[in-house]
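Read through the structure below, which is laid out as structure tokens, and then see the notes.
The values are calculated or read from the model by the stated rules, or taken from the named source; none is laboratory data. What you see is a predicted model, and the numbers here were worked out from it, not measured in a lab. Cβ placement follows ideal geometry from the backbone for every residue including glycine, while neighbour counts extend to all protein chains displayed. Quick note on the areas: whole protein, heavy atoms, side chains included, nothing else; ligands and nucleic acids left out. Shrake-Rupley method; radii C 1.70, N 1.55, O 1.52, S 1.80 Å.
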Amino acid sequence: ERAFASVVILLAIGVFSSFIASISSTLNTLRMSRLENSKHYSKLFQFFNERNLSVNLYAKVKEVLRNEHLAVRVQEKDVTFIQKIPERLKIQLHAEMYLPSLLSMKIWPRSGVDDTDFFYSNMCHRVLCEGLASPGQDVFLPGTDCKDVYLLESGDMTYVMRRDTEATRICDQQLCVACLWAEWHHRGRLSAGQGMCYFIKVNCDSFGQVVLKYGGPLYRYLQIYGILLVSEIEWLQEDGFLMSDLNLDEEQMTSLSAQAERFANLVAVAPSPTAPKENALTRILSGMKSNPSVSVGERLP
């Protein structure tokens, strides 16, 4: 019994010592992390102080840095095993991830086009990708080149068109759709509000390549839709309307879609079977307003 009691006491001492050591190691790690963080903030304060920068700006920078370590959902690039799966499974994965957001765009024909499952799956796989922004982080700034359409997925974001305008809180919006067909420069600033914000990006160049490769009636429809959309934006600007990166209202987008479908159907039933389709399309669009300063065909030939 004495031997058993001695063994139990020795084991208890060993376990307790290991427990104390792990606690000490954790506390030391936290202490070093806080010390390192304190040094960074001290250098930041010194930087602002030596240059006589405003306290307001310092507070904003500090607030953004504090939100930098918020928990974020796992991104595809962080999952190593996803990179090892076959391409066909990646296509299915991206279709399930992005297809609802892709179809929510108001640019597609209302009546639908046959045999488009492959097109939409390929679009999700090659064109769309995830994006995120922590509170206070800018997604884009005014005057910069626009290369992507932004489909807001979750979280509240703020959009400011100019310095003298109030910030607009937006969610579940689509921004910069016109850049799919024309060169576009951002008209305002998009920033994340409170909490993490997630969005999906549609790359303009990849979009044009996929649509051009697919061809057929859908390509013809999207080409006409782009011309109508850019023309509508030009007319609004000439009427004095201050255009932003936000999408046109749903009624306008639906009307453009209906017009594009009618024009596409007229092209499809052109009376001269030997005449090139480009000539039929030119005849239909010849009465439309055009501006040589806008490169409608840059994105989607």
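For the chain, the relative contact order is 18 percent, taking Cα pairs closer than 8 Å that sit 6 or more residues apart in sequence and dividing their mean separation by the residue count. Extension gain for Thr80-Gln259 works out to 59.9 nm (0.36 nm per residue, less the C-alpha to C-alpha distance). Give me the log10 of I(q) over I(0) for the chain at q = 0.07, 0.13, 0.15 Å⁻¹, as the Debye formula computes it from C-alpha points; what are the numbers? Debye output, listed in q order: -0.43, -1.03, -1.24. Residue ranges 39-48, 212-221 sort as 212-221, 39-48 when ordered by packing (mean number of other C-beta atoms within 10 Å per residue, highest first). Pairs exceeding 18 Å between alpha-carbon atoms, taken from Lys84/Lys147; Lys84/Lys201; Lys77/Lys201: Lys84/Lys147; Lys84/Lys201. Tell me, what is the Rg over Rh of segment 1-62, with Rh the Kirkwood radius over Cα pairs? Radius of gyration relative to Kirkwood radius: 1.53. Remark: spin-label model distance Asn28-Thr144 equals 4.3 nm, labels positioned 7 Å along the Cα→Cβ axis. Put Phe19, Phe81 in order of accessible area, highest first, and with a 1.4 Å probe you get Phe81, Phe19.
Which residue fluctuates the most in the chain, going by a Gaussian network model with Cα springs under 10 Å, if the choices are Ser244, Ser17, Ser38? With Cα springs under 10 Å in the chain, the top fluctuation among Ser244, Ser17, Ser38 is at Ser17.
Considering only the Cα atoms of segment 70-151, their convex hull presents on average a projected area of 7.6 nm².
Cross-link partners among aspartates and glutamates for Lys106, C-alpha distance below 14 Å, same-chain residues fewer than 8 apart left out? Output for Lys106: Asp172, Asp249, Glu250, Glu251, Glu261.
Calculate the all-directions average of the projected area of segment 1-105's alpha-carbon convex hull, and give it in nm². Mean orientational projected area (segment 1-105, Cα hull): 15.9 nm². Each Lys and Arg adds +1 at its Cβ and each Asp and Glu adds -1 at its Cβ; summed about the Cα centre, segment 164-209 shows a dipole of about 100 debye. In this structure Thr254 has an accessible area near 60 Å², from a 1.4 Å probe over the protein heavy atoms.
Of the Cα atoms belonging to segment 94-198, the radius of gyration and Dmax stand at 15.0, 49 Å.
Here segment 22-87 is assigned +1 on the Cβ of each Lys and Arg and -1 on the Cβ of each Asp and Glu. Its dipole about the Cα centre then comes out at about 280 debye.
Ligands, DNA and RNA left out, the accessible area of segment 198-266 computed with a 1.4 Å probe is 52% carbon and sulfur. In the context of the full set of protein chains, residues of segment 91-196 present 50 Å² of accessible surface per residue (probe radius 1.4 Å, heavy atoms only). Taking amide H atoms as placed 1.01 Å from N in the peptide plane, the amide H of Gln173 lies under 5 Å from those of Leu152, each 5 or more residues away in sequence or on another chain.
Here the chain is assigned +1 on the Cβ of each Lys and Arg and -1 on the Cβ of each Asp and Glu. Its dipole about the Cα centre then comes out at about 960 debye. Ser18 sits with roughly 70 Å² accessible to a 1.4 Å probe, with DNA, RNA and ligands left out of the calculation.
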